[in-house]
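Heads up, the thing below is written out as structure tokens.
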Amino acid sequence: MIGTTIEFFDFYIYATAAVIVFPHLFFPSTDENSALLSSLATFAIAFLARPIGAAFFGHFGDKVGRKATLVAALLTMGISTVLIGALPTYEQIGIFAPLLLALCRLGQGLGLGGEWGGAVLLATENAPEGKRAWYGMFPQLGAPVGFFFATTIFLVLAHFLGDEAFMSWGWRVPFLASAVLVIFGLFIRLKITETPEFAKAIEKAERVEVPFFDVFKSHKLSLLLGTMAALATFVLFYIMTVFSLSYGTGTLGYSR
């Protein structure tokens, strides 16, 4: 749950910054809507990367173990997020600024894709008999808790900093501060042991060559239904958070 909270915190601070910061600093344009759409396009990159990250980290999670891949996923997300906080703006390096931002966002998507499935596996495969759903709930709680902290840190910065200070350096604070959270997450992750289920699979030589293909071969319907159910949730969630933030501050004129 702690690992997933950290990953979603990183993911959501980008969502907030993509609306109130990046259009002004990374995509300068005479047309505000064009700048915003360009910024949201980089936000969307992570959603293309997430299934790729899930397949990539999932493959190695089934081959070498849950622990190593979860550590790698957390590092991928953490490094990408901290780098965003250190990026020069368009004014400083021109077109390379949005390109580097897009690359870091790709890293965030890959990291979160590997994190979510791996964290659920770690929880459910360590669960006692009859309690898998209960244990599997805790990684899911990381999403709302991460969102709560991401929104809170921007509210605190907005309260204590003026517009000029916030746009100059204040927006970088959540991204750079995530380094502390990642170190804390790694400290916990490195102490965990491999799950009993995975240990049994090694013992019985049950690991398959390419697990990704088995999903498509044997679980087509589950995959389709799971994808559609998640899609409905994500569309509603990001309309209510990212789009409403954009519409409120841009069209309706509310303050940050």
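The values are calculated or read from the model by the stated rules, or taken from the named source; none is laboratory data. Keep in mind that what you see is a predicted model, and the values were worked out from it rather than measured. Cβ sites come from the backbone with ideal geometry, for glycine too, and all protein chains shown count toward neighbours. Each accessible area value is taken on the protein alone, full model and side chains, heavy atoms only, with ligands, DNA and RNA left out. Shrake-Rupley method; radii C 1.70, N 1.55, O 1.52, S 1.80 Å.
In a helix (DSSP H, G or I), in contact (Cβ under 8 Å) with a residue 40 or more places away in the chain and touching a Gly at 6+ places or on another chain (Cβ under 7 Å): which single residue out of Leu176, Leu245 fits that description? Talk me through it step by step, then tell me what you get.
Numbers: Leu245 fails: touching a Gly at 6+ places or on another chain (Cβ under 7 Å).
Within the list Leu176, Leu245, the selection yields Leu176.
Among the candidates Ile192, Ile188, Ile183, which residue alone is outside any helix (DSSP H, G or I), under 20 Å from Ala68 (Cα atoms) and out of contact with any His (no Cβ under 7 Å at 6 or more places or on another chain)?
Ile192
Working only within region 104-120, note down all residues that are in contact with a Leu (Cβ under 9 Å, 6 or more places away or on another chain) and either open to solvent by 30 Å² or more (accessible area, probe 1.4 Å) or over 15 Å from Gly142 (Cα atoms) (or both).
Scanning region 104-120 gives Cys104, Leu106, Gly107, Gly109.
Could you check region 7-18 and list, in sequence order, the residues that are β-branched (Val, Ile, Thr) and open to solvent by less than 10 Å² (accessible area, probe 1.4 Å)?
Within region 7-18, Ile13 is the sole residue that qualifies.
Please name all residue pairs, on different chains or six or more residues apart, with Cβ atoms under 9 Å, provided the first residue is in region 46-64 and is modelled with pLDDT of 90 or more and the second residue is open to solvent by less than 50 Å² (accessible area, probe 1.4 Å) and basic (Lys, Arg).
Cβ pairs passing all conditions: Ala46/Arg105; Ala49/Arg105.
Of the conditions (1) surrounded by 10 or more Cβ atoms within 10 Å (Cβ to Cβ); (2) over 20 Å from the mean Cα position of the chain (by Cα), Leu245 clears all except one; give me its number.
For Leu245, the failing item is (2).
For region 208-227, check the following and say yes or no: at least one residue is in contact (Cβ under 8 Å) with a residue 40 or more places away in the chain, outside any loop (DSSP other than H, G, I, E, B) and within 20 Å of Glu32 (Cα to Cα).
Looking for residues that are in contact (Cβ under 8 Å) with a residue 40 or more places away in the chain, outside any loop (DSSP other than H, G, I, E, B) and within 20 Å of Glu32 (Cα to Cα), one finds none in region 208-227, hence no.
So in region 94-116, with the set limited to residues that are free of Cβ contacts under 8 Å to residues at least 12 places away in the same chain and assigned to a helix (DSSP H, G or I), which one is farthest from Ala41 (Cα to Cα)?
Phe96
Hey, Ala119 hits all of (1) out of contact with any Pro (no Cβ under 6 Å at 6 or more places or on another chain); (2) assigned to a helix (DSSP H, G or I); (3) at pLDDT below 90 but one; which does it fall short on?
In the conditions (1) out of contact with any Pro (no Cβ under 6 Å at 6 or more places or on another chain); (2) assigned to a helix (DSSP H, G or I); (3) at pLDDT below 90, Ala119 misses (1) alone.
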